[in-house]
Amino acid sequence: MKRVRVRYAPSPTGHLHIGNARTALFNYLFAKHYQGDFILRIEDTDIERNVAGGEESQLYYLNWLGIDPDESPVKPNPKYAPYRQMERLDYYKQIADQLLKQKDAYKCFCTPEELEEDYNRQKAAGYASTRYSGKCRHLTPEQVASKEAAGLSYVIRVKVPEDTSYIFSDLIRGEVQFESKDIGDWVLVKSNGIPTYNFAVVVDDHYMDISHVFRGEEHLSNTPKQLMLYQMLNWDAPIFAHMTLIVNEQHRKLSKRDNTIMQFMSQYKEKGYLPEAMFNFMALLGWSPEGEQEIFTPLELVEIFDEKRLSKSPSMFDKNKLTWINNRYLKNLPLEELYDLTLPFLHAAYPDSNLDINWQKDLINLYQDQLSYGAEIVELSELFFKDFSVTDDALEIYQADSTKIVKAEFLNQIKTHEKWTRENLKSALENTKNNTTIKGKPLFMGLRVAITGQLHGPDLINTIYLIGKDAVSDRLSR
């Protein structure tokens, strides 16, 4: 097998979307599994939609995820550079001229108004889909020269072969076939001299020695247009693999307007998700390993990646699975890294608090096993920052006689200890149990409700310790 070279080729039109990130990831895993090259190419020919910082954002969040290109605009290989399409216009012009010379393409002088009128006629006649009529396909060289001399603008169109089948073996879908009769003469080069997607991608993939193309299934219908160019130019086509859609929990296609799911890598980083967890989660969106294991390091995923296990069915974006995976990573995160991740969220939520940094770290330790993402520390730890109140579901226990007895005795016990330590609190709790003969749920839940106002929470002794002696004494005295 020749050297594996794959590419992820985004448009610089915004932040890195979950769907594009998955495409980049599968390309990366495939390349690294076969000791090949992963290339980042920028498809910036859609000038009106390009946004400032779009390219930088793509690079930044790919690097955040740990998907590092071997070649890119900022890491070029002189043999294949440049890596931005708008810097490769000479390549496209050369090939467009060749296709014109071969009479596989022609200049079309139809105006947008003429095209619109023609398409409307086709719709009125009941055509299922509209296509170019081929009006300029048979212009003589003299007619073409005359129109050019008159200064008329033109596009360059492909002369789609008649009665031709385009058959290819897709790595995921198996054999796929398209017929040329279903494809109208399509535009190679726009009137401003900029190539269309289907033209530029073929030229780029050829000159960059791309061996395999992993992309979303929305590109499946582009494949016959690209295959006809490979044939016209006598070039070898890459091997194609069209990945299935990502759908939401209602099994509808994931849309950027779907507000039930965070769509962009920037949002996950801002919420305190770990890049390793995102890498792991996205690898399972449309691909499955052998066995039941679901937590893998990036190196493990590279090692076990098998393109034959890419799914033929849509993959559901399961938010619960993502939070579960991220929680698993957070549980194993070294404490200093956990502090770096979560402390900024506490500081942003409570900018005026002058809490001791060691107290804050102890608070984070308390919730490490529960955390699903960094920002969740604010929600989980509210009871330490808000005024005491009893939740509705805890009211019955708060008002129970056993709770009143436990409150009074525990208050007496903590008064007997000068120092506020965890060991002294354990002793106070044990003495409360012995002196009141109340144990189990009435003891532990009663004391929790009396001090936190909530039925459930993290470790009781550590919670009491972090609330502090003054606040605990006040609540038990009520």
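Among the listed pairs 361/407; 135/190; 271/321; 79/190; 93/147; 269/319, those with a Cα-Cα distance over 23 Å are 361/407; 79/190.
Which trypsin sites (Lys or Arg not before Pro) from the stretch 65-129 combine a DSSP loop assignment with at most 12 other Cβ atoms within 10 Å? Hits after loop and neighbour filter: 79, 103. About the centre of its Cα atoms, the stretch 88-243 shows a dipole size close to 340 debye [charges on the beta carbon of Lys, Arg (+1) and Asp, Glu (-1) only; nearest 20 debye].
Extent along the principal axes, Cα only, for the chain: 108, 50, 39 Å, with the longest axis given first. Residue-normalised convex hull volume from the C-alpha trace of the stretch 104-258: 173 Å³ per residue. In summary, the aspartates and glutamates within cross-link reach of residue 426, defined as a Cα separation below 20 angstrom excluding same-chain residues under 8 places away, comprise 362, 409, 418, 459, 470, 474.
In terms of Cα atoms, the Rg and Dmax of the stretch 153-218 work out to 14.1, 42 Å.
May I ask you to derive the relative contact order of the stretch 47-139, considering only C-alpha pairs under 8 Å and at least 6 residues apart, and to give it as an integer percent? 16 percent. A straight Cα-to-Cα reach below 16 Å connects residue 181 with the lysines 159, 225, residues fewer than 8 places away in its own chain not being considered. 3J(HN,Hα) along the stretch 109-118: 9, 4, 7, x, 5, 5, 5, 4, 4, 5 Hz, from the Karplus curve 6.51 cos²θ - 1.76 cosθ + 1.60 with θ = phi - 60°, whole Hz, x for Gly and Pro. Of the chymotrypsin sites (Phe, Trp or Tyr not before Pro) found in the stretch 321-418, none is in coil by DSSP with at most 10 other Cβ atoms within 10 Å of its Cβ.
In the chain, taking the dipole from charged Cβ atoms about the Cα centre, the farthest positive-side position among 461, 442, 12 is held by 442. Projecting the Cα atoms of 89, 324, 33 onto the charge dipole of the chain, computed from C-beta unit charges around the Cα centre, puts 324 farthest toward the positive end. Counting beta carbons within 10 Å around each of 287, 186, 420 and listing the fewest first gives the order 420, 186, 287. Contact order, relative form, for the chain: 13 percent (alpha carbon pairs under 8 Å, 6 or more residues apart, mean separation divided by residue count). Panel values: the stretch 333-382, Kirkwood radius from alpha carbon pairs, Stokes-Einstein at 4 °C and 1.567 mPa s, translational diffusion coefficient 120 µm²/s. Each Lys and Arg adds +1 at its Cβ and each Asp and Glu adds -1 at its Cβ; summed about the Cα centre, the chain shows a dipole of about 380 debye. Put a plus charge on the Cβ of each Lys and Arg, a minus charge on the Cβ of each Asp and Glu, and nothing anywhere else: the dipole of the stretch 389-478 about its Cα centre is then about 220 debye.
For a straight C-alpha distance cut-off of 18 angstrom, the lysines reachable from residue 312 (same-chain residues fewer than eight places away being disregarded) are 253. Taking GluC sites (Glu not before Pro) as exposed when DSSP calls them loop and at most 10 other C-beta atoms lie within 10 angstrom, the chain has its longest site-free stretch at 1-161.
The Cα trace of the stretch 362-478 gives Rg and Dmax of 13.9, 42 Å, the first to one decimal, the second as a whole number.
Bear in mind that the values in this text are calculations on the coordinates, not laboratory data. This one's a predicted model, so the numbers in the text were calculated from it and none came from an experiment. Ideal geometry is used to build each Cβ from the backbone, glycine not excepted, and the neighbour counts take in all protein chains shown.
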